[in-house]
1. The range 497-585: which trypsin sites (Lys or Arg not before Pro) are DSSP loop and have at most 12 other beta-carbon atoms within 10 angstrom?
2. So if I take the centroid of the Cα atoms in the range 546-588 and the same for the range 463-498, what is the distance between those two points in Å?
3. What figure, in Å² to the nearest 10, do you get for the accessible area of Thr534 with a 1.4 Å probe and non-protein molecules left out?
4. Just the accessible area for Leu477, please: 1.4 Å probe, Å², rounded to the nearest 10?
5. In whole Å, how far is the Cα centre of the range 161-182 from that of the range 119-143?
6. At Lys557 and Glu138, where each label point lies 7 Å from the Cα along Cα→Cβ, what is the point-to-point distance in nanometres?
7. Going by accessible area, probe 1.4 Å, with all protein chains left in place, what is the ranking of Lys496, Lys135, Lys216, Lys165, largest first?
8. Explain nothing, just the number: relative contact order of the range 437-589, from Cα pairs under 8 Å at least 6 residues apart, as a whole percent.
Amino acid sequence: GAPVQVDTPGIWDSSPFIPPEELSGSQLLFFTFVYGYVLFAASNMISDGSELLLLIPSMAGVVGSVVLPILGAVPDGMMILCSGLGTDVAKQVHVGVGALAGSTIMLLTVPWFLAVLSGRVDICNGEPAYKPPRKAPETWQQLQNGFGLRNTGVGLQLPVFTNAKMVIATTFLYFIVQVPAFFLHGTAEETQVSTEAPFALFGLVACVISFVLYIKMQYPSTEERHARKAEDLRIEAIKSGQLTLRGAMAGLGVIAECSRPGQSSGGASAIAPLLAHSDSRLEDLSSAEAVSAVRRVIEPFFYIYDTNGDGNIDLSELRVILRDLNENPTEEELQRCFSSADADGSGSVDIVEFSQMMLAFVRDVAEKGISRSTSMVVQSVDVVSQMLSENAEDGQGDDEDEDEQSTSQDDDEEEDMPEDLRELSPQLQQRWLMFRAVKLMAIGTILVLLFSDPAVDILSEMAERLGVDAFYVAFVLAPMASNASEMVAAYNYAAKKTQQTIIISLGALEGAACMNNTYCLAVFMGIVFFRGVTWTFTAETLSIVFVEIGVAFMAFKRIQTLLDGFMILSLYPLSLLLVYFLENVVGLD
(Lines give C-alpha, C1' and ligand atoms only; values in the text may rest on other atoms or scores of the structure.)
Protein backbone atom coordinates (compact mmCIF):
# COMPACT_ATOMS: atom_id res chain seq x y z
CA GLY A 1 0.00 0.00 0.00
CA ALA A 2 0.92 3.65 -0.16
CA PRO A 3 3.33 4.80 2.58
CA VAL A 4 1.78 6.65 5.47
CA GLN A 5 2.85 10.30 5.62
CA VAL A 6 3.30 11.82 9.05
CA ASP A 7 3.04 15.56 9.35
CA THR A 8 5.90 16.99 11.36
CA PRO A 9 5.77 20.54 12.66
CA GLY A 10 7.95 23.04 10.87
CA ILE A 11 10.51 25.12 12.63
CA TRP A 12 8.08 28.06 12.95
CA ASP A 13 4.96 25.96 13.70
CA SER A 14 5.51 25.65 17.44
CA SER A 15 6.67 27.81 20.31
CA PRO A 16 10.29 27.49 21.44
CA PHE A 17 9.00 27.48 25.02
CA ILE A 18 7.97 24.23 26.69
CA PRO A 19 4.19 24.06 27.27
CA PRO A 20 3.69 24.45 31.05
CA GLU A 21 1.18 21.57 31.20
CA GLU A 22 4.00 19.20 30.21
CA LEU A 23 6.23 20.28 33.12
CA SER A 24 6.55 18.50 36.42
CA GLY A 25 5.99 20.39 39.65
CA SER A 26 9.69 21.12 40.20
CA GLN A 27 10.15 22.11 36.56
CA LEU A 28 7.17 24.45 36.76
CA LEU A 29 8.66 26.13 39.81
CA PHE A 30 12.06 26.36 38.11
CA PHE A 31 10.70 27.99 34.96
CA THR A 32 8.60 30.37 37.07
CA PHE A 33 11.81 31.70 38.60
CA VAL A 34 13.61 31.72 35.23
CA TYR A 35 10.90 33.69 33.42
CA GLY A 36 10.48 35.98 36.41
CA TYR A 37 14.20 36.69 36.55
CA VAL A 38 14.36 37.40 32.81
CA LEU A 39 11.46 39.88 33.09
CA PHE A 40 13.10 41.42 36.17
CA ALA A 41 16.41 41.82 34.33
CA ALA A 42 14.60 43.21 31.27
CA SER A 43 12.77 45.77 33.42
CA ASN A 44 16.08 46.85 34.95
CA MET A 45 17.68 47.20 31.52
CA ILE A 46 14.83 49.42 30.35
CA SER A 47 15.09 51.50 33.52
CA ASP A 48 18.90 51.78 33.35
CA GLY A 49 18.80 52.74 29.68
CA SER A 50 16.20 55.42 30.36
CA GLU A 51 18.27 56.87 33.19
CA LEU A 52 21.33 57.01 30.95
CA LEU A 53 19.30 59.19 28.60
CA LEU A 54 18.79 61.60 31.49
CA LEU A 55 22.52 62.29 31.29
CA ILE A 56 21.91 63.83 27.86
CA PRO A 57 20.54 67.28 28.77
CA SER A 58 18.81 67.91 25.45
CA MET A 59 16.69 64.79 25.98
CA ALA A 60 16.17 64.90 29.75
CA GLY A 61 12.78 66.64 29.58
CA VAL A 62 11.23 64.28 27.04
CA VAL A 63 12.81 61.23 28.66
CA GLY A 64 11.59 62.14 32.13
CA SER A 65 8.02 63.03 31.19
CA VAL A 66 7.33 60.62 28.31
CA VAL A 67 9.92 57.87 27.80
CA LEU A 68 10.41 56.80 31.43
CA PRO A 69 6.68 56.48 32.28
CA ILE A 70 5.86 54.58 29.08
CA LEU A 71 8.79 52.18 29.20
CA GLY A 72 8.22 51.63 32.92
CA ALA A 73 4.72 50.40 32.15
CA VAL A 74 5.76 48.18 29.22
CA PRO A 75 6.32 44.95 31.28
CA ASP A 76 2.90 45.20 32.96
CA GLY A 77 1.21 46.22 29.73
CA MET A 78 2.71 43.30 27.82
CA MET A 79 1.70 40.79 30.49
CA ILE A 80 -1.87 42.13 30.42
CA LEU A 81 -1.92 42.02 26.61
CA CYS A 82 -0.60 38.46 26.46
CA SER A 83 -3.24 37.31 28.94
CA GLY A 84 -5.88 38.23 26.36
CA LEU A 85 -4.23 36.71 23.29
CA GLY A 86 -4.35 33.01 24.22
CA THR A 87 -6.92 30.42 23.17
CA ASP A 88 -8.38 30.18 26.70
CA VAL A 89 -8.83 33.91 27.24
CA ALA A 90 -11.51 33.47 29.93
CA LYS A 91 -8.98 31.60 32.08
CA GLN A 92 -5.79 33.51 31.35
CA VAL A 93 -7.32 36.98 31.59
CA HIS A 94 -7.30 36.54 35.36
CA VAL A 95 -3.50 36.64 35.14
CA GLY A 96 -3.78 40.03 33.40
CA VAL A 97 -6.15 41.34 36.07
CA GLY A 98 -3.80 40.09 38.76
CA ALA A 99 -0.83 41.78 37.09
CA LEU A 100 -2.75 45.08 36.77
CA ALA A 101 -4.06 45.05 40.33
CA GLY A 102 -0.87 43.68 41.87
CA SER A 103 1.36 46.17 40.09
CA THR A 104 -0.83 49.18 40.90
CA ILE A 105 -1.32 48.28 44.56
CA MET A 106 2.25 47.16 45.15
CA LEU A 107 3.69 50.36 43.63
CA LEU A 108 1.59 52.54 45.94
CA THR A 109 2.31 50.58 49.12
CA VAL A 110 5.61 48.68 49.41
CA PRO A 111 7.94 51.16 47.60
CA TRP A 112 6.08 54.06 49.23
CA PHE A 113 6.79 52.62 52.67
CA LEU A 114 10.43 51.94 51.74
CA ALA A 115 10.83 55.55 50.57
CA VAL A 116 9.41 56.90 53.84
CA LEU A 117 11.57 54.45 55.82
CA SER A 118 14.84 55.37 54.12
CA GLY A 119 14.07 59.08 53.67
CA ARG A 120 12.74 59.78 57.16
CA VAL A 121 14.26 62.49 59.37
CA ASP A 122 13.37 63.76 62.82
CA ILE A 123 10.17 65.76 63.19
CA CYS A 124 10.97 68.77 65.37
CA ASN A 125 8.26 71.27 66.27
CA GLY A 126 6.09 69.97 63.46
CA GLU A 127 8.79 70.35 60.79
CA PRO A 128 11.09 67.75 59.20
CA ALA A 129 14.74 68.30 60.14
CA TYR A 130 16.27 68.46 56.68
CA LYS A 131 18.61 71.29 57.69
CA PRO A 132 20.41 71.86 61.01
CA PRO A 133 18.89 74.49 63.29
CA ARG A 134 20.81 77.58 64.29
CA LYS A 135 23.62 76.88 66.75
CA ALA A 136 23.25 73.16 66.17
CA PRO A 137 26.00 71.08 67.85
CA GLU A 138 28.61 69.36 65.70
CA THR A 139 27.04 66.00 66.58
CA TRP A 140 23.70 67.02 65.04
CA GLN A 141 22.19 64.49 62.65
CA GLN A 142 19.02 64.46 60.58
CA LEU A 143 17.82 61.25 62.21
CA GLN A 144 18.35 60.84 65.94
CA ASN A 145 14.98 59.39 66.96
CA GLY A 146 15.61 56.05 65.26
CA PHE A 147 12.37 54.24 64.47
CA GLY A 148 10.07 56.70 66.21
CA LEU A 149 6.65 56.20 64.71
CA ARG A 150 5.36 59.72 65.32
CA ASN A 151 8.53 61.81 65.64
CA THR A 152 10.23 60.71 62.41
CA GLY A 153 8.95 61.06 58.87
CA VAL A 154 9.18 63.01 55.62
CA GLY A 155 7.90 66.35 54.39
CA LEU A 156 5.69 66.51 51.31
CA GLN A 157 4.99 69.47 49.03
CA LEU A 158 2.79 70.56 46.13
CA PRO A 159 4.04 68.11 43.44
CA VAL A 160 3.02 65.12 45.58
CA PHE A 161 -0.37 66.71 46.32
CA THR A 162 -0.95 67.41 42.61
CA ASN A 163 -0.04 63.86 41.60
CA ALA A 164 -2.38 62.51 44.29
CA LYS A 165 -5.25 64.36 42.61
CA MET A 166 -4.22 62.78 39.31
CA VAL A 167 -4.32 59.33 40.87
CA ILE A 168 -7.86 59.92 42.19
CA ALA A 169 -9.06 61.33 38.85
CA THR A 170 -7.70 58.45 36.76
CA THR A 171 -9.12 55.89 39.20
CA PHE A 172 -12.63 56.72 38.00
CA LEU A 173 -11.80 55.27 34.57
CA TYR A 174 -12.41 51.81 36.04
CA PHE A 175 -16.07 52.67 36.63
CA ILE A 176 -16.79 53.18 32.91
CA VAL A 177 -17.28 49.43 32.59
CA GLN A 178 -17.67 48.55 36.25
CA VAL A 179 -20.93 50.44 36.75
CA PRO A 180 -22.88 48.79 33.90
CA ALA A 181 -21.31 45.43 34.79
CA PHE A 182 -22.63 45.77 38.34
CA PHE A 183 -26.19 46.19 37.10
CA LEU A 184 -25.80 43.28 34.65
CA HIS A 185 -24.81 40.89 37.43
CA GLY A 186 -26.78 37.64 37.11
CA THR A 187 -27.86 38.08 33.47
CA ALA A 188 -26.88 35.72 30.64
CA GLU A 189 -23.25 35.88 29.52
CA GLU A 190 -24.19 36.81 25.94
CA THR A 191 -26.22 39.73 27.24
CA GLN A 192 -23.36 40.92 29.40
CA VAL A 193 -20.85 40.74 26.57
CA SER A 194 -23.04 42.60 24.06
CA THR A 195 -24.04 45.28 26.59
CA GLU A 196 -20.57 45.83 28.05
CA ALA A 197 -18.79 46.01 24.67
CA PRO A 198 -19.66 49.64 23.83
CA PHE A 199 -18.75 50.71 27.36
CA ALA A 200 -15.40 48.90 27.01
CA LEU A 201 -14.76 50.71 23.72
CA PHE A 202 -15.63 54.03 25.32
CA GLY A 203 -13.36 53.14 28.24
CA LEU A 204 -10.53 52.32 25.83
CA VAL A 205 -10.85 55.71 24.13
CA ALA A 206 -11.16 57.51 27.48
CA CYS A 207 -8.01 55.80 28.81
CA VAL A 208 -6.00 56.73 25.72
CA ILE A 209 -7.16 60.36 25.89
CA SER A 210 -6.42 60.47 29.64
CA PHE A 211 -2.98 59.02 29.01
CA VAL A 212 -2.14 61.72 26.45
CA LEU A 213 -3.52 64.50 28.67
CA TYR A 214 -1.61 63.20 31.68
CA ILE A 215 1.69 63.18 29.76
CA LYS A 216 1.00 66.70 28.47
CA MET A 217 0.07 68.06 31.90
CA GLN A 218 3.04 66.43 33.60
CA TYR A 219 5.66 67.63 31.12
CA PRO A 220 6.68 70.95 32.78
CA SER A 221 6.84 69.65 36.36
CA THR A 222 8.32 66.29 35.39
CA GLU A 223 10.97 67.98 33.28
CA GLU A 224 12.09 70.00 36.28
CA ARG A 225 12.15 67.00 38.63
CA HIS A 226 14.07 64.84 36.19
CA ALA A 227 16.48 67.67 35.48
CA ARG A 228 17.40 67.56 39.18
CA LYS A 229 17.66 63.79 39.02
CA ALA A 230 19.82 64.10 35.90
CA GLU A 231 22.24 66.30 37.85
CA ASP A 232 22.57 63.55 40.46
CA LEU A 233 23.14 60.99 37.70
CA ARG A 234 25.89 63.13 36.15
CA ILE A 235 27.64 63.27 39.51
CA GLU A 236 27.38 59.49 39.88
CA ALA A 237 28.61 59.01 36.30
CA ILE A 238 31.71 61.10 37.06
CA LYS A 239 32.32 59.22 40.30
CA SER A 240 32.08 55.83 38.60
CA GLY A 241 34.34 56.86 35.72
CA GLN A 242 31.61 56.81 33.07
CA LEU A 243 32.06 60.48 32.14
CA THR A 244 34.56 63.25 32.41
CA LEU A 245 33.42 66.63 33.68
CA ARG A 246 33.40 67.81 30.06
CA GLY A 247 31.14 64.97 28.98
CA ALA A 248 28.74 65.53 31.86
CA MET A 249 28.40 69.24 31.07
CA ALA A 250 27.95 68.80 27.30
CA GLY A 251 24.66 70.15 26.04
CA LEU A 252 23.92 72.36 29.03
CA GLY A 253 24.88 75.50 27.17
CA VAL A 254 28.08 75.63 29.19
CA ILE A 255 30.24 74.24 26.39
CA ALA A 256 30.29 76.38 23.27
CA GLU A 257 29.46 74.63 20.01
CA CYS A 258 32.63 75.79 18.33
CA SER A 259 34.82 72.73 17.98
CA ARG A 260 36.70 72.57 14.70
CA PRO A 261 37.25 69.16 13.11
CA GLY A 262 40.78 68.38 12.16
CA GLN A 263 42.42 69.99 15.14
CA SER A 264 44.11 67.74 17.64
CA SER A 265 45.42 68.12 21.12
CA GLY A 266 48.93 67.27 20.03
CA GLY A 267 49.25 64.94 22.99
CA ALA A 268 49.10 67.75 25.54
CA SER A 269 46.68 67.74 28.41
CA ALA A 270 43.34 69.34 27.60
CA ILE A 271 43.74 71.76 30.48
CA ALA A 272 46.70 73.50 28.86
CA PRO A 273 44.63 76.14 26.96
CA LEU A 274 43.37 77.45 30.28
CA LEU A 275 46.83 78.42 31.40
CA ALA A 276 47.10 81.22 28.85
CA HIS A 277 44.06 82.99 30.28
CA SER A 278 44.30 85.79 32.77
CA ASP A 279 41.93 86.30 35.67
CA SER A 280 39.93 88.77 33.59
CA ARG A 281 39.45 86.12 30.91
CA LEU A 282 38.07 83.78 33.55
CA GLU A 283 35.62 86.42 34.68
CA ASP A 284 34.51 87.03 31.10
CA LEU A 285 33.75 83.36 30.60
CA SER A 286 31.93 82.96 33.91
CA SER A 287 28.35 84.01 33.48
CA ALA A 288 26.21 83.42 36.58
CA GLU A 289 24.16 80.70 34.89
CA ALA A 290 27.15 78.81 33.53
CA VAL A 291 29.06 78.95 36.82
CA SER A 292 25.95 77.72 38.61
CA ALA A 293 25.60 74.77 36.23
CA VAL A 294 29.23 73.75 36.74
CA ARG A 295 29.03 74.31 40.48
CA ARG A 296 26.06 71.95 40.92
CA VAL A 297 28.09 69.13 39.42
CA ILE A 298 31.45 69.72 41.12
CA GLU A 299 30.23 70.90 44.53
CA PRO A 300 29.91 67.39 46.03
CA PHE A 301 33.54 66.68 45.07
CA PHE A 302 34.71 70.04 46.42
CA TYR A 303 33.32 69.65 49.93
CA ILE A 304 34.43 66.04 50.32
CA TYR A 305 38.03 67.30 50.33
CA ASP A 306 37.40 70.49 52.28
CA THR A 307 38.61 68.66 55.38
CA ASN A 308 38.56 71.60 57.80
CA GLY A 309 35.20 72.89 56.61
CA ASP A 310 36.35 76.44 55.87
CA GLY A 311 35.03 76.40 52.29
CA ASN A 312 38.51 76.45 50.71
CA ILE A 313 40.89 73.86 49.31
CA ASP A 314 44.63 73.96 48.73
CA LEU A 315 46.72 72.64 45.86
CA SER A 316 47.00 69.04 47.10
CA GLU A 317 43.23 68.83 47.61
CA LEU A 318 42.62 70.33 44.18
CA ARG A 319 44.82 67.64 42.67
CA VAL A 320 42.62 64.90 44.15
CA ILE A 321 39.38 66.59 43.09
CA LEU A 322 40.55 66.91 39.47
CA ARG A 323 41.50 63.27 39.44
CA ASP A 324 38.08 62.25 40.76
CA LEU A 325 36.53 64.45 38.08
CA ASN A 326 38.48 62.23 35.63
CA GLU A 327 40.67 65.14 34.52
CA ASN A 328 44.42 64.48 34.58
CA PRO A 329 46.68 67.56 34.15
CA THR A 330 50.45 67.36 34.64
CA GLU A 331 51.95 68.69 37.86
CA GLU A 332 53.30 71.80 36.14
CA GLU A 333 49.97 72.50 34.48
CA LEU A 334 48.16 71.94 37.77
CA GLN A 335 50.27 74.50 39.63
CA ARG A 336 49.91 77.10 36.91
CA CYS A 337 46.17 76.40 36.73
CA PHE A 338 45.84 76.77 40.50
CA SER A 339 47.67 80.09 40.42
CA SER A 340 45.36 81.45 37.72
CA ALA A 341 42.28 80.39 39.71
CA ASP A 342 43.61 81.73 43.01
CA ALA A 343 42.91 85.33 42.07
CA ASP A 344 43.51 86.77 45.55
CA GLY A 345 46.75 84.87 46.12
CA SER A 346 45.51 83.32 49.35
CA GLY A 347 47.01 79.89 48.64
CA SER A 348 43.57 78.33 48.42
CA VAL A 349 40.49 78.52 46.22
CA ASP A 350 36.86 78.66 47.23
CA ILE A 351 33.96 77.01 45.45
CA VAL A 352 33.27 80.08 43.28
CA GLU A 353 36.89 80.37 42.10
CA PHE A 354 37.02 76.64 41.45
CA SER A 355 33.74 76.74 39.49
CA GLN A 356 35.06 79.59 37.36
CA MET A 357 38.26 77.67 36.69
CA MET A 358 36.38 74.52 35.61
CA LEU A 359 33.98 76.54 33.45
CA ALA A 360 36.92 78.03 31.57
CA PHE A 361 38.39 74.55 31.33
CA VAL A 362 35.39 72.86 29.71
CA ARG A 363 34.84 75.74 27.30
CA ASP A 364 38.45 75.86 26.23
CA VAL A 365 38.47 72.12 25.60
CA ALA A 366 35.46 72.55 23.28
CA GLU A 367 37.20 75.40 21.45
CA LYS A 368 40.32 73.29 21.13
CA GLY A 369 38.22 70.80 19.14
CA ILE A 370 39.96 67.58 20.21
CA SER A 371 39.55 64.94 17.48
CA ARG A 372 40.91 61.46 16.88
CA SER A 373 41.51 59.14 13.99
CA THR A 374 38.82 56.70 12.93
CA SER A 375 40.61 53.78 14.59
CA MET A 376 40.75 55.61 17.91
CA VAL A 377 37.02 56.41 17.76
CA VAL A 378 36.16 52.79 17.00
CA GLN A 379 38.31 51.68 19.91
CA SER A 380 36.51 54.17 22.16
CA VAL A 381 33.15 52.53 21.43
CA ASP A 382 34.30 49.34 23.11
CA VAL A 383 35.85 51.24 26.00
CA VAL A 384 32.76 53.33 26.74
CA SER A 385 30.38 50.37 26.38
CA GLN A 386 32.47 48.30 28.78
CA MET A 387 32.71 51.08 31.33
CA LEU A 388 29.00 51.84 31.24
CA SER A 389 28.19 48.16 31.83
CA GLU A 390 30.37 47.90 34.92
CA ASN A 391 29.96 49.48 38.32
CA ALA A 392 33.27 51.22 38.73
CA GLU A 393 34.24 51.77 42.34
CA ASP A 394 33.43 55.23 43.62
CA GLY A 395 36.50 57.43 44.08
CA GLN A 396 39.39 55.00 44.44
CA GLY A 397 41.36 57.67 46.25
CA ASP A 398 38.85 57.95 49.13
CA ASP A 399 40.46 55.11 51.07
CA GLU A 400 44.07 55.92 50.17
CA ASP A 401 46.34 57.97 52.37
CA GLU A 402 47.12 61.56 51.56
CA ASP A 403 50.47 60.80 49.95
CA GLU A 404 48.93 58.35 47.52
CA GLN A 405 46.18 60.86 46.75
CA SER A 406 48.81 63.41 45.81
CA THR A 407 50.09 61.25 42.95
CA SER A 408 48.15 62.53 39.99
CA GLN A 409 49.20 60.03 37.34
CA ASP A 410 49.31 56.61 39.02
CA ASP A 411 48.20 53.33 37.47
CA ASP A 412 44.83 53.21 39.23
CA GLU A 413 43.79 56.47 37.64
CA GLU A 414 44.52 55.12 34.19
CA GLU A 415 42.22 52.18 34.92
CA ASP A 416 39.42 54.53 36.03
CA MET A 417 39.47 56.63 32.89
CA PRO A 418 41.55 55.45 29.90
CA GLU A 419 43.41 58.23 28.11
CA ASP A 420 41.58 57.74 24.82
CA LEU A 421 38.21 58.23 26.53
CA ARG A 422 39.41 61.17 28.62
CA GLU A 423 40.36 63.11 25.53
CA LEU A 424 37.19 62.43 23.57
CA SER A 425 35.10 65.49 22.93
CA PRO A 426 32.07 66.00 25.17
CA GLN A 427 29.78 65.49 22.19
CA LEU A 428 31.34 62.10 21.47
CA GLN A 429 30.96 61.04 25.09
CA GLN A 430 27.30 61.99 24.94
CA ARG A 431 26.93 60.08 21.67
CA TRP A 432 28.13 56.86 23.22
CA LEU A 433 25.85 57.41 26.20
CA MET A 434 23.02 57.48 23.68
CA PHE A 435 24.37 54.30 22.06
CA ARG A 436 24.48 52.47 25.37
CA ALA A 437 21.04 53.71 26.45
CA VAL A 438 19.33 52.66 23.22
CA LYS A 439 21.06 49.28 23.35
CA LEU A 440 19.87 48.60 26.91
CA MET A 441 16.30 49.69 26.21
CA ALA A 442 16.10 47.70 22.98
CA ILE A 443 17.36 44.47 24.54
CA GLY A 444 15.09 44.93 27.58
CA THR A 445 12.03 45.56 25.41
CA ILE A 446 12.75 42.53 23.21
CA LEU A 447 13.08 40.29 26.27
CA VAL A 448 9.76 41.58 27.62
CA LEU A 449 8.07 40.88 24.28
CA LEU A 450 9.49 37.35 24.15
CA PHE A 451 8.93 36.22 27.73
CA SER A 452 5.64 37.89 28.73
CA ASP A 453 3.47 35.30 26.98
CA PRO A 454 5.19 32.19 28.43
CA ALA A 455 5.19 33.89 31.84
CA VAL A 456 1.40 34.26 31.62
CA ASP A 457 1.08 30.56 30.71
CA ILE A 458 3.31 29.56 33.62
CA LEU A 459 1.35 31.62 36.16
CA SER A 460 -1.96 30.29 34.85
CA GLU A 461 -0.75 26.68 35.07
CA MET A 462 0.64 27.22 38.57
CA ALA A 463 -2.68 28.62 39.76
CA GLU A 464 -4.53 25.64 38.30
CA ARG A 465 -2.27 23.14 40.06
CA LEU A 466 -2.52 25.03 43.35
CA GLY A 467 -6.29 25.13 43.04
CA VAL A 468 -6.52 28.91 43.43
CA ASP A 469 -7.66 31.71 41.15
CA ALA A 470 -4.89 32.86 38.79
CA PHE A 471 -5.56 36.40 40.01
CA TYR A 472 -3.94 35.72 43.38
CA VAL A 473 -0.83 34.11 41.88
CA ALA A 474 -0.33 36.94 39.39
CA PHE A 475 -1.12 39.57 42.04
CA VAL A 476 1.82 38.40 44.16
CA LEU A 477 4.36 37.16 41.61
CA ALA A 478 3.96 39.42 38.55
CA PRO A 479 4.94 42.70 40.29
CA MET A 480 8.06 41.06 41.73
CA ALA A 481 9.35 40.64 38.18
CA SER A 482 8.11 43.85 36.60
CA ASN A 483 8.29 46.37 39.46
CA ALA A 484 11.14 45.25 41.71
CA SER A 485 13.39 47.96 40.29
CA GLU A 486 10.93 50.63 41.47
CA MET A 487 11.23 49.35 45.04
CA VAL A 488 15.03 49.56 44.97
CA ALA A 489 15.03 52.95 43.24
CA ALA A 490 12.52 54.45 45.69
CA TYR A 491 14.53 53.28 48.69
CA ASN A 492 17.94 54.35 47.37
CA TYR A 493 16.90 57.76 46.05
CA ALA A 494 14.90 58.69 49.15
CA ALA A 495 17.89 57.68 51.29
CA LYS A 496 19.58 60.97 50.29
CA LYS A 497 17.26 62.49 52.94
CA THR A 498 16.36 65.75 51.24
CA GLN A 499 12.86 67.02 50.67
CA GLN A 500 13.45 67.14 46.94
CA THR A 501 14.51 63.48 46.71
CA ILE A 502 11.49 62.25 48.69
CA ILE A 503 9.21 64.32 46.44
CA ILE A 504 10.81 62.79 43.33
CA SER A 505 10.59 59.26 44.76
CA LEU A 506 6.93 59.46 45.79
CA GLY A 507 5.99 61.45 42.69
CA ALA A 508 7.43 58.68 40.50
CA LEU A 509 5.29 56.09 42.30
CA GLU A 510 2.17 58.21 41.86
CA GLY A 511 3.06 58.64 38.20
CA ALA A 512 3.41 54.87 37.80
CA ALA A 513 -0.06 54.41 39.30
CA CYS A 514 -1.49 56.93 36.83
CA MET A 515 0.21 55.06 33.99
CA ASN A 516 -1.46 51.83 35.15
CA ASN A 517 -4.81 53.65 35.35
CA THR A 518 -4.49 54.89 31.78
CA TYR A 519 -1.95 53.00 29.66
CA CYS A 520 -2.34 49.52 31.19
CA LEU A 521 -6.08 49.87 31.73
CA ALA A 522 -6.45 50.87 28.06
CA VAL A 523 -4.82 47.56 27.11
CA PHE A 524 -7.24 45.68 29.36
CA MET A 525 -10.24 47.58 28.02
CA GLY A 526 -9.13 46.57 24.54
CA ILE A 527 -9.10 42.90 25.58
CA VAL A 528 -12.62 43.20 26.99
CA PHE A 529 -13.88 44.79 23.78
CA PHE A 530 -12.02 42.84 21.08
CA ARG A 531 -12.04 39.41 22.74
CA GLY A 532 -15.59 39.60 24.13
CA VAL A 533 -14.57 39.10 27.75
CA THR A 534 -17.24 39.45 30.42
CA TRP A 535 -16.35 41.99 33.11
CA THR A 536 -16.37 39.82 36.25
CA PHE A 537 -13.81 41.83 38.15
CA THR A 538 -15.88 43.87 40.58
CA ALA A 539 -13.95 42.71 43.66
CA GLU A 540 -10.60 43.41 42.01
CA THR A 541 -11.74 46.84 40.82
CA LEU A 542 -13.00 47.86 44.26
CA SER A 543 -9.73 46.70 45.79
CA ILE A 544 -7.68 48.86 43.40
CA VAL A 545 -9.91 51.88 43.97
CA PHE A 546 -9.80 51.40 47.75
CA VAL A 547 -5.98 51.41 47.86
CA GLU A 548 -5.48 54.22 45.35
CA ILE A 549 -7.88 56.61 47.04
CA GLY A 550 -6.56 55.64 50.47
CA VAL A 551 -2.93 56.33 49.55
CA ALA A 552 -3.88 59.50 47.66
CA PHE A 553 -5.61 60.98 50.69
CA MET A 554 -2.64 60.03 52.88
CA ALA A 555 -0.43 61.86 50.37
CA PHE A 556 -2.24 65.13 51.11
CA LYS A 557 -0.60 65.24 54.56
CA ARG A 558 2.18 67.80 54.69
CA ILE A 559 4.11 65.65 57.14
CA GLN A 560 4.02 61.90 56.66
CA THR A 561 5.31 60.01 59.70
CA LEU A 562 6.78 56.53 59.85
CA LEU A 563 3.46 55.40 61.33
CA ASP A 564 1.71 56.66 58.20
CA GLY A 565 4.19 54.64 56.16
CA PHE A 566 3.32 51.46 58.04
CA MET A 567 -0.39 52.16 57.54
CA ILE A 568 0.16 52.50 53.78
CA LEU A 569 2.19 49.26 53.76
CA SER A 570 -0.68 47.43 55.50
CA LEU A 571 -2.95 48.22 52.53
CA TYR A 572 -1.08 45.66 50.41
CA PRO A 573 -2.20 42.51 52.32
CA LEU A 574 -5.53 44.14 53.18
CA SER A 575 -6.31 44.54 49.47
CA LEU A 576 -5.92 40.80 48.91
CA LEU A 577 -8.13 40.05 51.89
CA LEU A 578 -10.71 42.51 50.54
CA VAL A 579 -10.84 40.68 47.18
CA TYR A 580 -11.27 37.32 48.93
CA PHE A 581 -13.99 38.73 51.21
CA LEU A 582 -15.96 40.35 48.36
CA GLU A 583 -15.80 37.23 46.18
CA ASN A 584 -16.30 34.46 48.74
CA VAL A 585 -18.37 36.12 51.47
CA VAL A 586 -20.30 38.88 49.73
CA GLY A 587 -20.59 36.83 46.53
CA LEU A 588 -19.50 39.42 43.96
CA ASP A 589 -18.46 38.17 40.50
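1. Answer by residue number: Arg558.
2. A separation of 16 Å, based on Cα centres.
3. Ignoring ligands and nucleic acids, Thr534 comes out at about 20 Å².
4. 60 Å²
5. The distance from the Cα centre of the range 161-182 to that of the range 119-143 comes to 39 Å.
6. According to this spin-label approximation, the distance is 3.7 nm.
7. The ordering from most to least exposed comes out as Lys135, Lys216, Lys165, Lys496.
8. Value for the range 437-589: 16 percent.
The values are calculated or read from the model by the stated rules, or taken from the named source; none is laboratory data. None of these values were measured; they are calculated from a predicted model. When we count neighbours, we look across all protein chains shown, and the Cβ atoms used for this are built from the backbone with ideal geometry, even at glycine. For the accessible areas, the whole protein counts, side chains as well, though only heavy atoms, and no ligand, DNA or RNA atoms are used. Shrake-Rupley method; radii C 1.70, N 1.55, O 1.52, S 1.80 Å.
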